[in-house]
Amino acid sequence: MTDYAERVFNYYQNHLQNGLLEKTIYTADCPFCPDKSLDGTKRLVVFINPEGFFHGYFRCLNRCVPGGFPLWFASLLKVERETVPGYDSEREPLLQQNGFSGDSINKEIKNYHDSMTDAIIQRFSEAGIGGGVLKEMSIGFNGRYIVYPYFQVDGNCYSARCVFPDRPEDSFWHGNEAVVKDEYQIFNVQDIARCENGTLAICEGEDNLLTLKQLGLPGVAVPDSHVFETIDPEIFSHLKTIFISASNNGESEVRARALASRIGYKVRLLRWSSGQDRNYNLWQLAKDKGKEFSVAVTGMARDSKAFSPFSSPRFEHDQYFSRLKKQSSTAYADLFSGFTALDNAIEGVHGINVFGGAPKVGKSCFMIQIGTEMALRSIPVIYYDFENGKQKIYQRTMVRLSSVTSNRILGEELSLEEQQRYDTATKKFKKMLNWFRVVNDRRVTPEIMRRHIDFIRHETGSDYTVVIIDSLHKLPFKDFSERRTGIDAWLRQLESIRDEMQVSFLVISELSRGEKGSYRETPHMGVFKGSGDIEYSADNALVMFPNWDQQTVAEGDQRTSNLWLVASREHSPGLVATYQLNYPYWGFRELLKKS
């Protein structure tokens with residue numbers, strides 16, 4: 001036994017009566033039960049296992065007080081904390097008291113608990129959760145919804161989450177609206193302070209935490225994995241070990257790993273087996289395992305490893321050579337735009353390519369052409385459109401593929417030759433839609449974008465995906481007044497998606513006007529609008545400037561523009577080519593190729 005572990009054991013021996021150590025469990029009279037006037041065993045147990053995660057954790061078998069580690073034991077016993085092993089006089093309190101406004105709903109919570117029905121109690125018992133835990137956690141029922149009270153640091157409840165039984169999507173918050181913010185959405189938050197110098201579990205979902213509380217283990221829960229993203233890691237600074245249990249799905253795992261990376265090495269992620277059902281969780285495991293649930297959870301904890309933000313050397317080795325092999329494949333080589341000079345200049349569509357252009361120069365038209373032509377070559381393309389609308393994108397594509405103008409398509413009867421071209425284009429268009437998806441949802445987030453990419457890769461069986469964003473400045477972000485911050489945050493997310501998911505990006509960007517409000521000078525990185533991070537994030541930055549006077553009407557061969565590569569990680573900047581708009585067929589011709 002280590003010196004610290006021995007001091008912890010001796011501390012409990014000195015403050016408990018009639019103690020008995022059997023293997024790794026020390027049992028003694030509970031010093032708190034007499035004050036509670038409780039019947040039953042009135043015994044308290046302490047986990048004594050120097051090699052275990054919960055060494056020094058105590059709990060009353062009557063649940064007369066919440067369990068915890070030695071410093072919490074001293075607080076309950078009202079003895080000097082200075083005498084407790086591990087006490088640090090320089091340490092700030094683990095959780096500061098928050099100043100809550102408004103009345104508590106403590107009386108309502110008690111009434112809801114007293115209104116629990118046999119059917120609701122039976123629901124919990126199917127997962128092995130008994131009445132003792134339901135009482136300890138003040139779980140209630142309002143006649144239709146299960147009520148999970150969110151007691152705060154001061155010991156009062158100001159808000160509760162009401163969830164329809166076994167239908168978690170049907171839920172709402174009751175109580176003080178000011179205490180419904182994400183920062184207050186930690187269920188059983190007081191356990192954090194009780195576990196100082198010890199171990200705590202963080203669960204996704206209140207029911208999952210209840211299964212651990214039934215085992216006598218400490219923990220907190222969040223209502224949904226998105227709260228993982230808002231938790232301040234400093235509130236766990238005085239803990240030694242933290243287990244995180246998330247539901248078995250990609251989004252929850254990503255968020256749990258993000259929280260783990262912010263907390264650090266003390267985190268251990270409980271992992272599900274590869275064949276487990278999507279969204280499987282501790283609640284379902286408890287129902288499936290019954291009396292063997294404790295053994296199953298213990299096994300998951302034993303198999304967990306201290307979180308590392310780094311991949312293993314073996315993984316990095318295999319990943320490098322796997323990607324190297326893919327880069328020599330036909331699928332990788334097929335990632336080209338279809339414009340010879342452009343593909344020569346940047347060696348195909350790889351990485352993050354930011355494409356700026358003057359107003360009305362045809363940025364969207366240019367990207368639609370590249371995206372649809374790649375889709376016709378069976379490359380999955382997702383087009384995030386915040387400019388034109390899905391119908392316009394499809395209409396211009398049909399016009400380009402058929403060389404039949406919009407007026408002719410929508411108006412009079414087509415000639416025989418036009419009809420033949422249109423019929424051929426219709427077949428191409430139908431095939432293209434299997435590989436080309438347009439998204440107009442302005443509520444898109446990086447997580448949703450990842451799901452879109454996952455879906456189209458699964459649906460098409462492709463290793464690579466091309467994502468077109470029209471445009472960078474129209475991507476949604478929380479606060480319009482912090483537009484630049486939002487754009488730079490999106491660029492960081494695109495970098496992550498590029499690296500994690502082998503995605504190529506074509507991103508349209510707005511430009512700032514040059515001297516005298518023109519777009520005629522030689523382009524440079526400073527012409528991109530609203531973000532200083534483009535030069536750091538973009539693998540290639542390109543700019544298209546018009547050769548025609550935008551104040552006048554120019555059509556057909558009069559409407560040409562120069563495309564410049566202004567910055568690149570691997571390629572030489574300079575003029576790429578001149579492009580002519582094939583009006584009114586909404587396509588570009590490449591005229592001058594780079595020598």
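The values are calculated or read from the model by the stated rules, or taken from the named source; none is laboratory data. Computed from a predicted structure; not experimentally measured. Note that we place each Cβ from the backbone using ideal geometry, even for glycine, and neighbour counts take in every protein chain shown.
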Can you tell me how many residues in the range 34-62 are over 19 Å from Val297 (Cβ atoms) and in a loop (DSSP other than H, G, I, E, B)?
-> 11
Taking the residues in the range 1-33 that are assigned to a helix (DSSP H, G or I) and acidic (Asp, Glu) as candidates, determine which candidate is surrounded by the fewest Cβ atoms within 10 Å (Cβ to Cβ).
-> Asp3
Those residues of the range 156-179 which are buried (at least 18 other Cβ atoms within 10 Å of the Cβ), of a type in the set (A, V, I, L, M, F, W, C) and over 23 Å from Asp118 (Cβ atoms) amount to Cys157, Val179
In the range 237-245, is there at least one residue being assigned to a loop (DSSP other than H, G, I, E, B) and touching a strand residue (DSSP E or B) at 6+ places or on another chain (Cβ under 6 Å)?
-> yes
Could you list, in sequence order, the residues of the range 403-426 that are at pLDDT below 90 and more than 13 Å from Tyr585 (Cα to Cα)?
-> Leu410, Gly411, Glu412, Glu413
Which listed residue, of Arg278, Arg268, Arg255, is assigned to a loop (DSSP other than H, G, I, E, B) and either surrounded by fewer than 16 Cβ atoms within 10 Å (Cβ to Cβ) or not assigned by TED's automatic domain parsing to the domain that holds Val46 (or both) | Arg278
For Ser329, indicate whether it is of a type in the set (S, T, N, Q) and touching a helix residue (DSSP H, G or I) at 6+ places or on another chain (Cβ under 9 Å).
-> no
Among the residues of the range 94-117, is any more than 36 Å from the chain's Cα centre (by Cα), assigned to a loop (DSSP other than H, G, I, E, B), modelled with pLDDT of 95 or more and assigned by TED's automatic domain parsing to the domain that holds Gln214?
-> yes
Determine whether Phe455 is among the aromatic types (Phe, Trp, Tyr), in a helix (DSSP H, G or I) and surrounded by 13 or more Cβ atoms within 10 Å (Cβ to Cβ).
-> yes
For Tyr184, state whether it is farther than 30 Å from Ala5 by Cα, of a type in the set (Phe, Trp, Tyr), in the same structural domain as Glu251 (by TED's automatic domain parsing) and surrounded by 24 or more Cβ atoms within 10 Å (Cβ to Cβ).
-> no
Determine which member of the set Val133, Val153, Val147 is on the phi < 0 side of the Ramachandran plot, at pLDDT below 95 and surrounded by 18 or more Cβ atoms within 10 Å (Cβ to Cβ).
-> Val153
Determine whether the range 209-222 contains at least one residue that is among the polar types (S, T, N, Q) and under 26 Å from the mean Cα position of the chain (by Cα).
-> yes
For the range 118-139, which residues satisfy the criterion of being farther than 22 Å from Gly67 by Cα and part of a loop (DSSP other than H, G, I, E, B)?
-> Glu126
Which fully enclosed strands (runs of 3 or more DSSP E) of the range 140-193 have 2 or more residues being closer than 24 Å to Pro233 by Cβ?
-> 146-151, 157-164
Could you tell me whether the range 296-303 includes any residue that is modelled with pLDDT of 95 or more, touching a Lys or Arg at 6+ places or on another chain (Cβ under 6 Å) and farther than 30 Å from Ser237 by Cβ?
-> yes
Where in the range 305-354 are there helices (runs of 4 or more DSSP H), lying wholly inside it, with at least 1 residues that are over 31 Å from the mean Cα position of the chain (by Cα)?
-> 330-333, 340-346
In the range 429-452, what residues are surrounded by 16 or more Cβ atoms within 10 Å (Cβ to Cβ) and either of a type in the set (S, T, N, Q) or over 18 Å from the mean Cα position of the chain (by Cα) (or both)?
-> Phe429, Met432, Trp435, Phe436, Arg437, Val438, Val439
When the range 135-163 is checked residue by residue, the ones that are of a type in the set (A, V, I, L, M, F, W, C) and over 23 Å from Ala193 (Cβ atoms) are Phe141, Ile146, Val147, Cys162, Val163
